[in-house]
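Rule-based calculations on the coordinates, nothing more; no lab input. Just so we're clear, the structure is a prediction, and the values are computed from it rather than from any experiment. Neighbour counts are summed over all protein chains in view; Cβ atoms, including those assigned to glycine, are modelled from backbone coordinates with ideal geometry.
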Amino acid sequence: MTEPAFTHLNPRGEPHMVDVGGKSATNRLAIAEGYIRTSPETLAAIDEERTEKGNVLLVAQLAGIMAAKRTADLIPLCHPLSLSSIEVDLELDRSLPGVRARASARVEARTGVEMEALTAVMGALLTVYDMCKARDREMTIGGVRLLRKEGGRSGTWTADGAQSPTTR
């Protein structure tokens, strides 16, 4: 099997934004996930809404949505997209202990929406970190990955081991 060519490099090896002008716009979906591991005490403070900075999950949810909308400003060769939908869900997970984030992004476009879903997850998790760092500097973010993508020339893809994420 041959490796795919780097599409973000021109013939001189310089970075460039891929020309998607000849592609048809299709409905696309991407779902991503990740987590932040906290101390049990920090998780309890988040759950009981007794952190110094307010409702951590609500602010992180909004931050994830805002991050998805700004993806092209953060990732240099990413196309700006007019998102149809972005949903960010956060849930407490006592087995970590910590918070799990999942984002679902939709668009009708000529290019995929994976980066927006991944950026939403990272924005949400970084916000949890920011809001809790005064009480817990040992937090770690991990497991950020694409679970599913739909649409475009390559069709549907699901990550190995991903449990059938809902497509909303």
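Dipole of region 26-151, Cα-centred, from +1 at each Lys and Arg C-beta and -1 at each Asp and Glu C-beta, to the nearest 20 debye? Don't skip to the answer; put the middle values down first.
Working: 17 positive and 18 negative charges, 73 e Å.
The calculation lands at about 340 debye.
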**Asked** So for 39, 104, fewest C-beta neighbours within 10 Å to most, what's the order?
**Response** 39, 104
**Asked** Which percent of the Cα-Cα distances in region 105-147 go past 17 Å?
**Response** 44 percent
**Prompt:** Would you list 69, 53 from fewest to most Cβ contacts within 10 Å?
**Reply:** 53, 69
**Message:** Across region 13-168, what fraction of all alpha-carbon pairs, as a whole percent, falls in each successive 10 Å bin from zero upward?
**Reply:** 12, 38, 30, 15, 5, 0
**Fill in**
Placing each pseudo-label 7 Å from Cα in the direction of the beta carbon, residue 18 and residue 72 end up separated by a distance in nanometres of 1.6 nm
**Prompt:** Tell me, what is the percent relative contact order of region 26-151, built from C-alpha pairs under 8 Å that lie six or more residues apart?
**Reply:** 47 percent
**Request:** Report, in whole Å, the centroid distance computed from the Cα atoms of region 109-143 and region 16-71.
**Result:** 5 Å
**Prompt:** Extent of region 1-102 along each principal axis, from alpha carbon coordinates, in Å, largest to smallest?
**Reply:** 54, 32, 23
**Request:** Mind jotting down the three principal axis lengths of region 88-128 based on Cα atoms? Whole angstrom, largest first.
**Result:** 40, 15, 11
**Asked** Among the lysines, which fall within straight-line cross-link reach of residue 53, defined as a Cα-Cα distance under 17 Å, with same-chain neighbours fewer than 8 residues apart omitted?
**Response** 133
**Message:** If I stretch the segment between residue 89 and residue 154 completely, what's the gain in nm (0.36 nm per residue apart, minus their alpha carbon distance), one decimal?
**Reply:** 20.7 nm
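Taking Rh as the Kirkwood radius computed over C-alpha pairs, what is the Stokes-Einstein D of region 64-110 at 37 °C in a medium of viscosity 0.692 mPa s, expressed in µm² per second?
In µm²/s, the coefficient rounds to 269.
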